[in-house]
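Notes follow the structure.
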Amino acid sequence: MSTLQNTRILLVGGSSGIARRIAEDALAAGAEVVLGSRRPEALADRVAELGSGASAVHLDLDDESSIAAAVTTLGPLDHVVSLAANHANGPVADLDRAAVEGAFAAKVVGPILLAKHFAPTLRDGGSFVFFCGVAAWKPAPGLAVMATTNGAVAFLAEALAVELAPLRVNAVSPGIVDSGAWDGMGDGKQKMFDATAASNPARRVGRPEDVSAAVLLALTNTFVTGTTLHVDGGGRLS
């Protein structure tokens, strides 16, 4: 096991409840955390809340030149974590091509470009962690694009782990997590959470700290690479 003490971590897509918890836990472990965003100024309050050791940088996964510029701006890093997503949900018959391409750009092409530009500058012992999700292993109507992009991330982690070795590459696959993403459902949120808890082996929904713990494991366990860590309470099996 390695330590995060005095390491530098780039966290791409750092506006969610899960990303906040990862940043908090990484900072507590002694890391410096940089939040990558197409609108870093919008993260000023988040950076202030996180306190010393946190900062933000402009990085747009739809703009390869911004990724290259971020490499120059930041200098050497130890780890890159991407939670970026752009959903294109709905029945296949109703899908918009641009939305589908946007989903792949954020979830699959983006991580490839992050690896392209950041791998040459990562320090010894460095790694990438990319987010996928339980939909890849438990598809449902209306989630064909989500299932496919998430599945692609898992295979990408394996392929890059071989190509970029000895840098490590892993994926983290959350299930249903009470991260704030479902708050817009109103009363339907609790009903969905209750149904999820009743059906999965863990008998509860996830919490941001569950996912953060898996990410920190992927960052610090130097014998884990090319692996997808399932943090879904066994939901893919239910």
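The values are calculated or read from the model by the stated rules, or taken from the named source; none is laboratory data. No experiment lies behind these values; they were computed from the predicted model shown. Cβ coordinates were reconstructed from backbone atoms using ideal geometry, including for glycine residues, and neighbour counts include every protein chain displayed. Just the protein is used for accessible areas: all its heavy atoms, side chains included, with ligands, DNA and RNA removed. Shrake-Rupley method; radii C 1.70, N 1.55, O 1.52, S 1.80 Å.
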Which order do 112, 22 take by accessible area at a 1.4 Å probe, largest first? 112, 22
Karplus-derived HN-Hα couplings along segment 58-65 (A = 6.51, B = -1.76, C = 1.60, θ = phi - 60°), whole Hz, x at Gly and Pro: 6, 7, 10, 5, 7, 10, 4, 5
If one takes the longest principal axis of the Cα atoms in the chain, at what angle in degrees, from 0 to 90 and to the nearest 10, does the Cα axis of helix 144-163 lie? 30
Roughly how many Å² of residue 87 are accessible to a 1.4 Å probe, to the nearest 10? 120
If you average over every viewing direction, what projected area does the convex hull of the Cα atoms of the chain give, in nm²? 12.6
Report the one residue of 193, 69, 12 whose Cα lies farthest in the direction of the positive end of the charge dipole of the chain (charges on C-beta: Lys and Arg +1, Asp and Glu -1; origin at the Cα centre). 193
Quote the charge dipole size of the chain about the Cα centre in Debye, to the nearest 20; the model charges only the Cβ of Lys and Arg (+1) and of Asp and Glu (-1). 420
Under the Karplus relation with 6.51, -1.76 and 1.60 and θ = phi - 60°, whole-Hz ³J(HN,Hα) for segment 223-232, x at Gly and Pro, equal 10, 10, 7, x, 10, 9, 8, 8, 10, 10
Would you work out what percent of the accessible area of the chain, with all protein chains in place, is carbon or sulfur (probe 1.4 Å)? 55
Each residue of segment 165-179 in order: what ³J(HN,Hα) in whole Hz does its phi give by Karplus 6.51 cos²θ - 1.76 cosθ + 1.60, θ = phi - 60°, with x for Gly and Pro? 3, x, 4, 9, 9, 9, 10, 10, 10, x, x, 6, 10, 7, 9
Treating only the Cβ of Lys, Arg, Asp and Glu as charged (+1, +1, -1, -1), what charge dipole size does segment 122-238 show about its Cα centre? Round to the nearest 20 debye. 180
Which far-off residues, 5 or more places away or on another chain, put their amide H under 5 Å from the one on residue 143, with H placed in the peptide plane? 90
C-alpha center-to-center spacing [segment 20-82, segment 146-207] in angstrom: 22
Hey, can you grab everything whose amide H is under 5 Å from the amide H of residue 12? Only 5+ residues off in sequence or another chain; H modelled, so Pro and N-termini drop out. 36, 81, 82, 83
Estimated [θ] at 222 nm from DSSP helical runs (n ≥ 4, -39500 (n - 2.57)) normalised by residues in the chain, nearest 500: -12000 deg cm²/dmol
If amide H atoms are built 1.01 Å from N in the plane of the peptide, which residues on other chains or at least 5 residues away come under 5 Å of the amide H of residue 206? 176, 177, 178
Solvent-accessible area per residue for segment 21-80 (1.4 angstrom probe, square angstrom): 44
Let me make sure I get this right: for segment 146-238, a, b and c are the square roots of the gyration tensor eigenvalues over alpha carbons, sorted descending. Under 1.5 in a/c it's rounded, otherwise prolate if a/b > b/c, else oblate. Which is it? prolate
